[in-house]
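What follows draws every value from the coordinates through simple rules; no lab data is involved. Please read all numbers here as calculations on a predicted model, not as lab measurements. Note: ideal-geometry Cβ built from the backbone for every residue, glycine included; neighbour counts use all protein chains shown.
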Amino acid sequence: MKKAILWIVNSWRRVMDVRYNPLRFIADPSIQTYFTVVLFTMWSVYFGLLATYYFGWVNYNILTSILIHIAVILPISFTNAVFYDAERNNSKWLKRWYEN
């Protein structure tokens, strides 16, 4: 379970953390956030259309896709925030977590 959580945190940071992704070159944080939301919405729409067309999920629509993506991203965001806060504060539990 620990390996899975660490994999999720590291994967999340590669895509969503502006310290690692190409959006880091945009100086204004509000513009970074704007592009993140636009990309999120674009991919939700894409997967909604893909599910409707290829899987034949006729009742699966764009709004449903966005809501499902939010339902997945919120817990991942919360997990990332906990780890980020622990790293920033040099928490002992996180050091032990990485050592074991």
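Values as computed for the structure displayed
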{"read-out": "Ser65 being small (Gly, Ala, Ser) and either more than 30 Å from Asn100 (Cα to Cα) or in contact with a Leu (Cβ under 8 Å, 6 or more places away or on another chain) (or both)", "value": "yes"}
{"read-out": "Residues within region 49-100 that are more than 18 Å from Arg13 (Cβ to Cβ) and of a type in the set (Asp, Glu), tallied", "value": "1"}
{"read-out": "Residues of region 1-27 satisfying the condition of being assigned to a loop (DSSP other than H, G, I, E, B) and of a type in the set (Lys, Arg)", "value": "Arg19"}
{"read-out": "In region 77-88, residue nearest to the chain's Cα centre (by Cα) [restricted to those that are of a type in the set (A, V, I, L, M) and loosely packed, with under 15 Cβ neighbours inside 10 Å]", "value": "Ala81"}
{"read-out": "Every residue from region 35-61 that is out of contact with any helix residue (DSSP H, G or I) (no Cβ under 8 Å at 6 or more places or on another chain), surrounded by 13 or more Cβ atoms within 10 Å (Cβ to Cβ) and not hydrophobic (A, V, I, L, M, F, W, C)", "value": "Thr52"}
{"read-out": "Of residues in region 25-34 being under 16 Å from the mean Cα position of the chain (by Cα) and loosely packed, with under 15 Cβ neighbours inside 10 Å, the one farthest from Ile73 (Cα to Cα)", "value": "Tyr34"}
{"read-out": "Search result, residues across region 62-76 that are closer than 15 Å to Trp7 by Cα and surrounded by 13 or more Cβ atoms within 10 Å (Cβ to Cβ)", "value": "Ile73, Ile76"}
